[in-house]
Every structure is written in structure tokens, then in C-alpha cells.
Amino acid sequence: ADNQLDPAIANFDSALTFNSVHAGAYIQRAAAYSRKGNPRKGLADVTKAIEERPKVPQLWFARASIYLERGISDSGIADCDEALRIKPDYDLAYLIRARAHGQERIWPDVLRDAATALELNPKLSYAHYLRGRAFSARGQFDEAIAEFNESLRGDPGSLWTIYYRAQNYAYRREYSRALQEMKQM
């Protein structure tokens, strides 16, 4: 099974040959290395790229994403901060920092960063999802459902969004509606 990941890694290597700052290629290659049992390799690769090109915000974003996949939110937040210092209007850095704050359950920061990401790019359905999670955690179930609805407009197949929307219907004691939501899954 490990050898099945080698072609994927080779494809990401090729993509990075053509675009050495492609955040997605670094993120996906790190995930492939991790699945192969070498979680440090992908992180080391992007760290080396940052050392060579420290003024490229996409590289900081890539490393932040890798940190978050590993549950290391403080390092992810620090890398997002650096990406935003370099490029203050970087919508995806706000989005991933909102996700990091969500891992830490710092809901006001989730709401702030997700709102900024949406101001910069209204098509980021994941920002609505994060806002929905924050509102739900704060007991603002109507607001949470509204955000989950917005998220599903952009990403109708998001099972987590459907799940959390159903959960918020249950919090409002609309159990039959919550059950119908769960049947969509």
C-alpha cells in the first residue's frame, strides 16, 4: 500500500518543479509522506522552502495547514500570522487561522478571522462552516444554522456541515428536523 503513494508523491514533486511555491502540492505531498509513515519529511520540505524564500506567504500557509492537520495549532497560527504580515489580504491565511482558533476553541477569533476571509472572498463556504461551529459553541443556534445553510450553498455535499446543522436543530428541540437532516447523510 505504501508503494501506491509513490506515484502521488512523484506528481507533487513534478508540480513543485513547475511552481515551487504551490501550497497545495506541499500540503498534499506532506499528507502522502505521513501516510507512508514519514510525517516529518513533508514538514521539513516546506520548512526548507520557507528558509529559501521567506517572503512567500503561500509557503507559510502550506506549513500552517500541515501543522493544523497534526493538531499543532499554535505553530499554525504563528505561520498564518507571518503569511498575513507578508500579504495582509491573504484570504486563505485568515481562513486557516480561523480553523486553528477553532481547534483551540477561541470562538471570537474564529468569528473575526472567518468574517475577514469572507470579506476578501465571499465564495469561501468553509468560512461559513467555521462561523457556524463558533455560533453553535456559543449557544447561538439560529445564527449557526444560518451559517451552515450558507456553507451548504457553496458545498452541498459537506457531511460535517449537514451533521452540525442537524445538531443545532436538535439544540433547538426540533428533533424531527434534526432526524431528517441526518437521513441526508
Fill in: Selected residue (criterion: nearest to the chain's Cα centre (by Cα)) from residues of segment 69-94 that are charged (D, E, K, R), under 23 Å from PRO122 (Cα atoms) and open to solvent by 60 Å² or more (accessible area, probe 1.4 Å)
ASP81
Worksheet item: Where in segment 47-146 are there helices (runs of 4 or more DSSP H), lying wholly inside it, with at least 1 residues that are among the acidic types (Asp, Glu)?
Response: 57-69, 73-86, 91-103, 107-120
Discussion item. ARG97 - would you say it is open to solvent by less than 50 Å² (accessible area, probe 1.4 Å), farther than 21 Å from TRP60 by Cα and free of Cβ contacts under 8 Å to residues at least 60 places away in the same chain?
Written reply: no
Worksheet entry | Subset of segment 11-40 (residues that are open to solvent by 40 Å² or more (accessible area, probe 1.4 Å) and either outside any helix (DSSP H, G or I) or touching a Leu at 6+ places or on another chain (Cβ under 7 Å) (or both)) | ASN19, SER20, HIS22, ARG35, LYS36, GLY37, ASN38
Practice prompt. For residues that are under 20 Å from LEU130 (Cβ atoms) and charged (D, E, K, R), scanning just segment 149-185, find the one that is surrounded by the fewest Cβ atoms within 10 Å (Cβ to Cβ).
Written response: ARG153
Worksheet, complete the sentence: Flagged in segment 3-22 as farther than 12 Å from LYS36 by Cβ and of a type in the set (Asp, Glu), in numbering order, are ASP13
Worksheet item: Which pairs do you get when a residue that is assigned to a helix (DSSP H, G or I), found in segment 165-185, comes within reach of a residue that is of a type in the set (Ser, Thr, Tyr) and open to solvent by 100 Å² or more (accessible area, probe 1.4 Å), reach meaning Cβ atoms under 9 angstrom, with the pair 6+ apart or on two chains?
Response: TYR169/TYR175; ALA178/TYR171
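Filter segment 9-66 down to the residues that are closer than 15 Å to ASP79 by Cβ and of a type in the set (D, E, K, R) and list them by number.
Here is the first cut: in segment 9-66, the residues closer than 15 Å to ASP79 by Cβ are 21, 23, 26-27, 30, 42-51, 53-66.
Once the filter is applied, which keeps residues that are closer than 15 Å to ASP79 by Cβ and of a type in the set (D, E, K, R), segment 9-66 yields ASP45, LYS48, GLU51, ARG53, LYS55, ARG63.
Looking only at segment 36-68, count how many residues are without any contact (Cβ under 8 Å) to a residue 12 or more places away in the chain and within 17 Å of the chain's Cα centre (by Cα). Steps first, please.
From segment 36-68, those without any contact (Cβ under 8 Å) to a residue 12 or more places away in the chain are 38, 40-41, 44, 48, 51-52, 54; that's our starting set.
If we keep only those that are within 17 Å of the chain's Cα centre (by Cα) too, we end up with none.
Result for segment 36-68: 0.
The values are calculated or read from the model by the stated rules, or taken from the named source; none is laboratory data. As the structure is a computational prediction, the values presented were derived from the model and not from experiment. Please note: Cβ atoms are built from the backbone with ideal geometry, for glycine as well, and neighbour counts cover all protein chains shown. All accessible areas refer to the heavy atoms of the entire protein, side chains included, with ligands and DNA or RNA removed. Shrake-Rupley method; radii C 1.70, N 1.55, O 1.52, S 1.80 Å.
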